[in-house]
Amino acid sequence: MKSYDLLYIDGQWVSPAEGGSFETIDPSNECVITRVAAATAQDIDLAVKAARRAFDDGPWPQMTGAERAIVLRRIAAGIRERQQTLAELEVRDNGKPLPEALWDIGDTAGCFDFYADLAEELDGHREQPIALADERFSSIARKEPMGVAGAIIPWNFPMLMAAWKVAPALAAGCCMVLKPSELTPLTALELADIAHQAGLPAGVLNVVTGLGSEAGAPLSEHPGIDKLAFTGSVPTGTKIMQSAARDIKNISLELGGKSPFIIFNDSDIEAAVEWIMFGIFWNQGEVCSATSRVLVQRDLYEPLLKRLVEQTRSLSIGNGLKEGVLLGPLVSRGQYDKVLEAIAKGQEEGATLLYGGTRPADCEKGYFLTPAIFADVPEESWIWKEEIFGPVVCVRPFDDEAEALRSANDSRFGLAAAVMSRDLQRAERVARGLRAGIVWVNCSQPTFTEAPWGGYKQSGIGRELGEWGLNNYLETKQITRYDSQQPWGWYIK
Ligand code: NAI
Ligand code: MG
């Protein structure tokens, strides 16, 4: 095993100032994979200062978008070259099945290519003329990199979540300090290595592994950060917003969800079952946009539940590296206990556990769980309202469109939602009525780098991906010029 016990700061691999480290675990066997450097405030300070120097004095922000695109494409190529190794590393660190990890790593490379294209395009419209009513003046609006960005990311899509922030930040001309989750730090360190080999100038990307309280908090509090991008839980998002408030840092937050999926009577039952499963079992349900609340129209309710249980029964659970496995272990002991607790709570609250929610008979070690299906879930129950972040689906019947929409929107979250019907007019109408940042029609979860991603309500602030992702890292400046030869004539006539 290659060693992962150094931090990547200012283009160099360095030991953490206090010499600490932590273990990262393979959740399929609960064994330690390796020890990883634990950064503390001193290391964060060095990383932020390196990023600041790279931004103030280095070539990166001064380069054209086309020049930056060359490096971004080299990073994409480096990721693709190592796709298999990176995917296997992701499986060991996170637990997800290999086909999903391969998909993630492919998407990660695609994200760097996409923002390489946008960096190039930005050269053509970095400055736009502004039409002014007063013709004595002319004005332009100009986009400039925001400065030094901090990124704090979660463990569910480790390398992909890094790319969603690193690629647009670098494309914009920003310099960045990235802190991956302590549960899945390995592929972020690989990304640093790939970026280094791709010729990214020193200090432009710094990767510091560490715990949330020891490394994440000092990063979000550091006065040298202009922009903070976070994906993770609502409680941590709240803390980050509070610490960002002191220096009025620009923030973007992508937080949790309890996303609804409305299924009308006229839907094809097999398609409905497939998309329900993809919506909540993919990545073990550890997906911020997972459609964890399913509303099924009355006539379809019983037959659909029957079919859902049949299909779920045949899902192959095991080590993500094993051929044919479609559900791996949950990421950690903590997450496993949290999900088991939620399942117990659901039973106490009077929901019917139709299937699953227990340790599979043939898995002694590892954080494995049979996917859980709850029916007749009370609307006021905790499991209907709160994010579980595991393979646990809650299902309820509904009678008409108005009831479905009311129930779907009755949430403090608003990240995603889905609707299924053969009546496209109805599906489109419901899609427009859903209070969520991402709405899927006749599917759930497919995510595209080109389209905006982010939530309404407590699911977050701002949008990632697409041109919105790039704008996250750009300031807008106006330059206004007095063109008239006439004196201004206010004080001096
Ligand atoms: P978390 O939100 O605490 O962790 C996400 C990132 O924030 C990690 O890199 C962590 O080190 C960092 N962090 C933690 N405390 C921090 C602080 N005070 N200041 C700055 N950074 C800090 O999520 P965690 O603990 O991994 O999982 C807790 C729950 O959050 C999960 O059980 C799940 O329900 C939910 N979650 C939601 C995600 C989403 O994408 N919506 C992603 C991950 C977790
Ligand atoms: Mg791990």
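Nonpolar atom fraction for segment 194-336, defined as the carbon and sulfur part of the 1.4 Å probe accessible area, stands at 55 percent.
Rounded to two decimals, the Cα-based Rg/Rh of segment 242-385, with Kirkwood Rh, is 1.02. For segment 375-419, trypsin sites (Lys or Arg not before Pro) are listed when DSSP marks them as loop and at most 15 other Cβ atoms sit within 10 Å of their Cβ; the list is Arg412. When only alpha carbons are used to place a centre, segment 241-317 and segment 421-476 end up 15 Å from one another. Normalised by 2.2 N^0.38 Å, where N is the number of residues, the C-alpha radius of gyration of the chain stands at 1.04.
The apolar share of the surface of segment 352-409, taken as the fraction of accessible area on carbon and sulfur atoms (1.4 Å probe, ligands and nucleic acids excluded), comes to 50 percent. The mean accessible area for residues of segment 1-64, using a 1.4 Å probe and ignoring ligands and nucleic acids, is 48 Å² per residue.
On a per residue basis, segment 260-441 carries 40 Å² of accessible surface, using protein heavy atoms and a 1.4 Å probe. With the whole protein complex present, His196 retains an accessible surface near 80 Å², based on a 1.4 Å probe.
The alpha-carbon of Lys258 sits under 22 angstrom from the alpha-carbons of these lysines, leaving out residues fewer than 8 places away in its chain: Lys96, Lys239, Lys338, Lys345, Lys385, Lys457. Computed over all pairs of different Cα atoms, the Kirkwood value for the hydrodynamic radius of segment 89-187 is 15.7 Å. With a cut-off of 11 Å between beta carbons, the residues surrounding Leu474 carry a summed charge of +2, where Lys and Arg count +1 and Asp and Glu -1. Once the chymotrypsin sites (Phe, Trp or Tyr not before Pro) in DSSP loops with at most 14 neighbouring Cβ atoms within 10 Å are cut out of the chain, the longest remaining piece is 1-447. Each label was represented as a point 7 Å from its Cα along the Cα-to-Cβ direction; for Phe137 and Trp468 these points are 3.1 nm apart.
Derived value for segment 190-308: Kirkwood hydrodynamic radius 17.9 Å. Basis is the mean of 1/r over every pair of different alpha-carbon atoms. The fraction of accessible area contributed by carbon and sulfur in segment 56-124 is 52 percent, rounded to a whole number (1.4 Å probe; ligands and nucleic acids excluded).
The values are calculated or read from the model by the stated rules, or taken from the named source; none is laboratory data. Source: prediction; values computed, not measured. For neighbour counting, all protein chains shown are included, and Cβ atoms are generated from backbone atoms with ideal geometry for every residue, glycine included. Calculation scope for accessible area: heavy atoms of the full protein, side chains included, ligands and nucleic acids excluded. Shrake-Rupley method; radii C 1.70, N 1.55, O 1.52, S 1.80 Å.
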